[in-house]
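Participant: Take a look at the following structure, please.
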Amino acid sequence: MIFAQPVTANEFPTLPDDSTENEITADFVGWCPSNANICRVNRDWTVEAIQAQLGSDRWKVWQEGNQLIFAIRTRAQDVLIAGGISTNLTPVKDSDYWVATLQILNIDHAMVSYIFGVMQNGTTQLIADSHGVWRGQHAPKPPPMTQPTRLITQAIYSPELDEMRQVSVYLPLNYSGVDVPVVYMADGQALAAFTRVMEPLIYKGLIPPTMIVGVHAPWFEPTRNRRSEEYVLGLNDDVYIAHEQFFTKTVRRWAELQFGASQDPAKRAIFGFSDGAVFAGNTGVRHPNLYGQVMMFSTTQQPYVTLRTAIEPRYYLLAGTLEPPIYAQTHQFYFSLLLLNAEARFTRRIAGHDGVMWQEEFVSALRWMFLPDN
């Protein structure tokens, strides 16, 4: 196993829109279709076989041929894995060993981040020390990372939402404070994860000094998914429009006045992942004069376009083959952009709905957007 710097749960939160689209629920008895990108295999594991693999470890993830196996020893009513892939584990012969076996197409090129969790009395609790990133032998290597040097978080008032909202700002190395290329980001609570991969490349001159302005998502409410209401047009139009106005007007003007964010659309991007990608895509369509670049990672829905839509921004799209419904949505929107003669790039990874994938591909998107001939 290869471990990367952990991406914590509060950076890439597991929310209803993130989890249900990527759960692996289809079980097969001993086999899966050979062309399936990912599916679950029911193997007849013995306690002795799992014990031999775990040894003195409490948990382990390993590869056997085209299968990836997750195993842990714990006492619980139920056990699961979360991260890039979500599925339940099954007990081995009524013991306290639990296992899940997944068949993955092109597994040697795959990357999967994970964390184990247990369920007791209807409450799921993640096991803090059980996270990691598994990589196949030909998977992309993790990029160099460092902690951001200048990261500011401030609460600003939104007259549109009539509330205070947290906004995080990353000021890059060699920050000039004048006409700085800027990425406006949904789910700004995850901003630090992306700055970790930016600073080494800015230092080497491989990407330009770029500011990120991240608007935090609203607090999670058990009875209401307000994050989706703010990010997905059609769920609650009043909430969506209010958030859109806050994001595109109040936050943008604040960043330009306070930090010198560029007012040139060619140096201005909007970015989101999951439901945030839906928001980024729709905002690029609805406000083409504001953002010259749109970054959409693992979009849960396609933005609304027709053959009469005039696409002005450039679009960078990313999805993993191990998030099949979301991969299909992202790929289909890419073809819609091509039909509209838009400038677009689509990147595929052998990965799931994975924060580590988004983090690692972020700098590739920045280079394509802000450096010529990339």
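Participant: For residues that are more than 19 Å from the chain's Cα centre (by Cα) and loosely packed, with under 14 Cβ neighbours inside 10 Å, scanning just the stretch 125-145, find the one that is farthest from ARG349 (Cα to Cα).
Facilitator: Per the criteria, the residue is GLN125.
Participant: Any idea which of (1) surrounded by 19 or more Cβ atoms within 10 Å (Cβ to Cβ); (2) free of Cβ contacts under 8 Å to residues at least 60 places away in the same chain; (3) under 30 Å from ARG367 (Cβ atoms) is the one ASN174 doesn't satisfy?
Facilitator: If we test ASN174 against (1) surrounded by 19 or more Cβ atoms within 10 Å (Cβ to Cβ); (2) free of Cβ contacts under 8 Å to residues at least 60 places away in the same chain; (3) under 30 Å from ARG367 (Cβ atoms), just (1) comes out false.
Participant: Which one of these does ARG227 not meet: (1) without any contact (Cβ under 8 Å) to a residue 60 or more places away in the chain; (2) within 30 Å of GLY122 (Cα to Cα)?
Facilitator: Checking ARG227 against (1) without any contact (Cβ under 8 Å) to a residue 60 or more places away in the chain; (2) within 30 Å of GLY122 (Cα to Cα), the one that fails is (1).
Participant: Could you please find all residues in the stretch 193-248 being among the aliphatic types (A, V, I, L, M), under 18 Å from MET369 (Cβ atoms) and part of a loop (DSSP other than H, G, I, E, B)?
Facilitator: Within the stretch 193-248, LEU206, ILE207 meet the criteria.
Participant: Further, regarding this structure: For the stretch 130-148, give me each residue that is more than 23 Å from LEU322 (Cα to Cα) and in contact with a Phe, Trp or Tyr (Cβ under 9 Å, 6 or more places away or on another chain).
Facilitator: THR146, PRO148 - these are the residues of the stretch 130-148 that are more than 23 Å from LEU322 (Cα to Cα) and in contact with a Phe, Trp or Tyr (Cβ under 9 Å, 6 or more places away or on another chain).
Participant: Turning to a different aspect of this structure: If a residue must be over 16 Å from ILE115 (Cα atoms) and of a type in the set (Lys, Arg), how many such residues does the stretch 59-98 contain?
Facilitator: 2
Participant: Name, by its number, the condition in (1) modelled with pLDDT of 95 or more; (2) part of a helix (DSSP H, G or I); (3) surrounded by 16 or more Cβ atoms within 10 Å (Cβ to Cβ) that does not hold for LEU318.
Facilitator: Here LEU318 meets the rest and fails (2).
Participant: Out of MET119, MET164, I need the residue that is in a strand (DSSP E or B), surrounded by fewer than 16 Cβ atoms within 10 Å (Cβ to Cβ) and either touching a residue at least 24 places away in the same chain (Cβ under 8 Å) or in the same structural domain as VAL47 (by TED's automatic domain parsing) (or both). Which one?
Facilitator: MET119
Participant: For the stretch 350-371, name all the residues that are buried (at least 24 other Cβ atoms within 10 Å of the Cβ) and either free of Cβ contacts under 8 Å to residues at least 60 places away in the same chain or under 8 Å from the mean Cα position of the chain (by Cα) (or both).
Facilitator: HIS353, ASP354, GLY355, VAL356, MET357, TRP358, GLN359
Participant: Which of the residues belonging to the stretch 330-349 are part of a helix (DSSP H, G or I) and more than 15 Å from the chain's Cα centre (by Cα)?
Facilitator: HIS331, GLN332, PHE333, TYR334, PHE335, SER336, LEU337, LEU338, LEU339
The values are calculated or read from the model by the stated rules, or taken from the named source; none is laboratory data. If you're wondering where the values come from, they're calculated on a predicted model, not measured in any experiment. Note: ideal-geometry Cβ built from the backbone for every residue, glycine included; neighbour counts use all protein chains shown.
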